[in-house]
Amino acid sequence: MIAEPRENSMSYCDIAPGHPFHGPYHEKEYGYPVENDDALFERLVLEMNQAGLSWLTILKKRDAFRDAFANFEIARVARMRAERLMKNEGIIRNRMKIDAAIENAKRVLAIQRSHGSFAKWLDAHHPRSKDEWVKLFKKTFVFTGGEITGSFLLSIGYLPGAHEEWCPVYARILKAKPRWASS
């Protein structure tokens with residue numbers, strides 16, 4: 001049974017449809033399972049950069065992020081220098097966030113060596129509560145607190161809550177078999 005939208009509380013499912021940036025992300029990406037390591041890394045870096053900013057700001061700069069971070073090819077990002085990225089006006093020029101993206105690329109490379117892929121590493125730790133995921137991410141990565149970790153895991157289908165049950169996308173997400181639905 002599909003629930004109805006709430007009257008006094010707006011969710012992403014209420015505001016995203018029809019929006020030029022939020023709409024496509026909401027309809028085609030948010031909450032769907034992601035298997036590709038570069039795509040997973042992109043989501044992590046975008047969530048890190050969203051800290052303190054609006055998601056709309058990040059979506060508007062997404063193409064510039066892809067250009068600056070070599071389409072989020074993890075091995076290439078691990079070799080990047082923050083000084084060059086700090087000069088790129090198209091991205092968020094926050095030194096801590098840029099340094100964290102480069103360092104986390106190095107850490108994902110180590111994960112790939114030990115587990116075969118970032119996706120397999122995530123699967124090896126599933127299922128976990130949000131609090132357990134946050135502890136793991138804080139131990140494994142830099143610049144990943146509760147909000148960043150939770151948003152990342154929602155966006156890739158490891159935690160429930162990306163879509164309201166009444167949202168038409170919710171049924172499509174279930175058909176895609178997100179990790180949270182198999183717990």
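Every number here is computed from the coordinates shown, using simple stated rules; none is lab data. Note that this is a predicted model, so its numbers are computed, not measured. Glycine also receives a Cβ, built like all others from the backbone with ideal geometry; neighbour counts cover every protein chain displayed.
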Pull up region 89-120, narrow it to residues that are without any contact (Cβ under 8 Å) to a residue 40 or more places away in the chain and among the β-branched types (Val, Ile, Thr), then point me to the one that is farthest from THR57 (Cα to Cα). ILE111
Within the set of pairs 6+ apart or on separate chains, which have a first residue in region 121-134 that is without any contact (Cβ under 8 Å) to a residue 24 or more places away in the chain, a second that is hydroxyl-bearing (Ser, Thr, Tyr) and surrounded by 15 or more Cβ atoms within 10 Å (Cβ to Cβ), and C-beta atoms under 7 Å apart? VAL134/THR149
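What are the residues in region 9-30 that are of a type outside the set (A, V, I, L, M, F, W, C) and in a helix (DSSP H, G or I), if any? Reasoning before the result, please.
Taking region 9-30 first, the residues of a type outside the set (A, V, I, L, M, F, W, C) are 9, 11-12, 14, 17-20, 22-30.
Of everything in region 9-30, those that are of a type outside the set (A, V, I, L, M, F, W, C) and in a helix (DSSP H, G or I) turn out to be TYR12, ASP14, HIS22, GLY23, PRO24, TYR25, HIS26, GLU27, LYS28.
Can we say MET86 is surrounded by fewer than 16 Cβ atoms within 10 Å (Cβ to Cβ), free of Cβ contacts under 8 Å to residues at least 60 places away in the same chain and out of contact with any helix residue (DSSP H, G or I) (no Cβ under 9 Å at 6 or more places or on another chain)? Can you show your working first?
Values: surrounded by fewer than 16 Cβ atoms within 10 Å (Cβ to Cβ): yes; free of Cβ contacts under 8 Å to residues at least 60 places away in the same chain: yes; out of contact with any helix residue (DSSP H, G or I) (no Cβ under 9 Å at 6 or more places or on another chain): no.
In short, no.
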In the set PHE141, PHE152, which member is among the aromatic types (Phe, Trp, Tyr) and more than 24 Å from PRO17 (Cβ to Cβ)? PHE141
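For region 78-88, what are the residues that are of a type outside the set (Asp, Glu), assigned to a helix (DSSP H, G or I) and over 15 Å from ASP38 (Cβ atoms)?
First pass over region 78-88, keeping only residues of a type outside the set (Asp, Glu): 78-82, 84-88.
Okay, now just the ones that are also assigned to a helix (DSSP H, G or I), so 78, 82, 84-86.
Those that are of a type outside the set (Asp, Glu), assigned to a helix (DSSP H, G or I) and over 15 Å from ASP38 (Cβ atoms): ALA82, ARG84, LEU85, MET86.
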Positions within region 58-77 being closer than 20 Å to ILE148 by Cα and either in contact with a strand residue (DSSP E or B) (Cβ under 9 Å, 6 or more places away or on another chain) or assigned to a helix (DSSP H, G or I) (or both), in sequence order: ILE58, LEU59, LYS60, LYS61, ARG62, PHE65, ARG66, PHE72, ILE74, VAL77
Identify, from the list ARG93, ARG113, ARG128, the residue that is outside any helix (DSSP H, G or I) and either surrounded by fewer than 15 Cβ atoms within 10 Å (Cβ to Cβ) or touching an Asp or Glu at 6+ places or on another chain (Cβ under 8 Å) (or both). ARG93
Name the pairs: first residue in region 136-157 and assigned to a loop (DSSP other than H, G, I, E, B), second residue hydroxyl-bearing (Ser, Thr, Tyr), Cβ to Cβ under 7 Å, at least 6 apart or on different chains? GLY157/TYR32
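Scan region 32-52 for residues that are among the β-branched types (Val, Ile, Thr) and part of a helix (DSSP H, G or I) and jot them down. Explain how you work it out, then say what you get.
Let us first name the residues in region 32-52 that are among the β-branched types (Val, Ile, Thr), namely 34, 45.
Listed by number, the list holds a single entry, VAL45.
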Yes or no: MET10 among the aliphatic types (A, V, I, L, M), in contact with a Lys or Arg (Cβ under 6 Å, 6 or more places away or on another chain) and surrounded by fewer than 17 Cβ atoms within 10 Å (Cβ to Cβ)? no
